[in-house]
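The values are calculated or read from the model by the stated rules, or taken from the named source; none is laboratory data. Worth saying up front: this structure is predicted, and the values here are computed from it rather than measured. Cβ: placed from backbone, ideal geometry, glycine included. Neighbour counts: every protein chain shown.
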Amino acid sequence: MIFGIVYVTATASNRENMAMIEAGMNPRKTKSTQHSKLRIALLLFFVPIGILIGNLTHNFFGMDAEPAAVVFAFLFGGIAMTGTYFITWALNEDKESDDM
(Lines give C-alpha, C1' and ligand atoms only; values in the text may rest on other atoms or scores of the structure.)
Protein backbone atom coordinates (compact mmCIF):
# COMPACT_ATOMS: atom_id res chain seq x y z
CA MET A 1 0.00 0.00 0.00
CA ILE A 2 2.73 2.45 0.99
CA PHE A 3 4.75 1.50 -2.08
CA GLY A 4 1.74 2.32 -4.27
CA ILE A 5 1.29 5.74 -2.72
CA VAL A 6 4.99 6.58 -3.11
CA TYR A 7 4.97 5.32 -6.71
CA VAL A 8 1.90 7.34 -7.69
CA THR A 9 3.33 10.47 -6.04
CA ALA A 10 6.70 10.07 -7.78
CA THR A 11 5.21 9.44 -11.21
CA ALA A 12 2.76 12.34 -10.87
CA SER A 13 5.63 14.65 -9.94
CA ASN A 14 7.66 13.39 -12.89
CA ARG A 15 4.75 13.94 -15.29
CA GLU A 16 4.24 17.45 -13.96
CA ASN A 17 7.92 18.27 -14.44
CA MET A 18 7.88 16.89 -17.99
CA ALA A 19 4.78 18.92 -18.84
CA MET A 20 6.48 22.06 -17.51
CA ILE A 21 9.59 21.38 -19.62
CA GLU A 22 7.44 20.86 -22.72
CA ALA A 23 5.68 24.17 -22.04
CA GLY A 24 9.03 25.96 -21.75
CA MET A 25 8.80 26.55 -18.01
CA ASN A 26 11.46 25.88 -15.38
CA PRO A 27 10.42 22.92 -13.17
CA ARG A 28 13.10 23.77 -10.60
CA LYS A 29 11.45 27.07 -9.74
CA THR A 30 9.64 26.82 -6.43
CA LYS A 31 5.89 27.07 -6.41
CA SER A 32 5.59 29.10 -3.23
CA THR A 33 3.39 32.12 -3.23
CA GLN A 34 4.43 35.55 -2.13
CA HIS A 35 2.79 35.27 1.28
CA SER A 36 3.45 31.60 2.07
CA LYS A 37 5.65 32.52 5.04
CA LEU A 38 2.80 34.55 6.51
CA ARG A 39 0.44 31.59 6.10
CA ILE A 40 2.85 29.19 7.79
CA ALA A 41 3.57 31.63 10.61
CA LEU A 42 -0.11 32.17 11.37
CA LEU A 43 -0.80 28.44 11.28
CA LEU A 44 2.13 27.71 13.59
CA PHE A 45 0.82 30.39 15.95
CA PHE A 46 -2.91 29.60 15.97
CA VAL A 47 -3.00 25.78 15.88
CA PRO A 48 -1.18 25.35 19.24
CA ILE A 49 -3.48 27.98 20.72
CA GLY A 50 -6.41 25.88 19.50
CA ILE A 51 -4.94 22.77 21.10
CA LEU A 52 -4.43 24.68 24.35
CA ILE A 53 -8.02 25.95 24.34
CA GLY A 54 -9.23 22.42 23.57
CA ASN A 55 -7.38 21.14 26.61
CA LEU A 56 -8.76 23.99 28.73
CA THR A 57 -12.32 23.10 27.68
CA HIS A 58 -11.56 19.58 28.88
CA ASN A 59 -10.56 20.95 32.27
CA PHE A 60 -13.36 23.50 32.69
CA PHE A 61 -16.32 22.01 30.84
CA GLY A 62 -15.65 18.29 31.08
CA MET A 63 -15.37 17.60 27.35
CA ASP A 64 -13.19 14.72 26.16
CA ALA A 65 -9.63 16.01 25.80
CA GLU A 66 -8.60 14.54 22.43
CA PRO A 67 -11.69 15.46 20.37
CA ALA A 68 -11.81 18.94 21.88
CA ALA A 69 -8.14 19.54 21.10
CA VAL A 70 -8.55 18.35 17.50
CA VAL A 71 -11.72 20.37 16.93
CA PHE A 72 -10.22 23.56 18.30
CA ALA A 73 -6.95 22.98 16.40
CA PHE A 74 -8.91 22.79 13.12
CA LEU A 75 -11.05 25.76 14.14
CA PHE A 76 -8.08 27.96 14.89
CA GLY A 77 -6.29 26.68 11.79
CA GLY A 78 -9.27 27.86 9.77
CA ILE A 79 -9.19 31.20 11.55
CA ALA A 80 -5.49 31.49 10.66
CA MET A 81 -6.17 30.72 6.99
CA THR A 82 -9.02 33.24 6.90
CA GLY A 83 -6.80 35.83 8.53
CA THR A 84 -4.07 35.13 5.98
CA TYR A 85 -6.56 35.62 3.16
CA PHE A 86 -7.71 38.99 4.45
CA ILE A 87 -4.17 40.18 5.24
CA THR A 88 -2.92 39.27 1.75
CA TRP A 89 -6.02 40.85 0.23
CA ALA A 90 -5.31 44.10 2.12
CA LEU A 91 -1.64 44.01 1.13
CA ASN A 92 -2.56 43.49 -2.53
CA GLU A 93 -5.07 46.37 -2.34
CA ASP A 94 -2.33 48.64 -0.96
CA LYS A 95 0.08 47.49 -3.65
CA GLU A 96 -2.46 48.19 -6.42
CA SER A 97 -3.29 51.63 -5.04
CA ASP A 98 0.44 52.50 -4.88
CA ASP A 99 0.89 51.45 -8.54
CA MET A 100 -1.78 53.85 -9.76
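Here is how the numbers come out for the structure above:
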read-out	value
Selected residue (only one of 23, 19 is at pLDDT 85 or above, surrounded by 10 or more Cβ atoms within 10 Å (Cβ to Cβ), farther than 27 Å from residue 70 by Cβ and not assigned by TED's automatic domain parsing to the domain that holds residue 73)	19
Among (1) out of contact with any Ser or Thr (no Cβ under 8 Å at 6 or more places or on another chain); (2) surrounded by 11 or more Cβ atoms within 10 Å (Cβ to Cβ); (3) charged (D, E, K, R) - the single one residue 39 does not satisfy	(1)
Answer residue from region 70-100, given it is surrounded by 15 or more Cβ atoms within 10 Å (Cβ to Cβ) and either among the aromatic types (Phe, Trp, Tyr) or not assigned by TED's automatic domain parsing to the domain that holds residue 58 (or both) and is nearest to residue 58 (Cα to Cα) among those	72
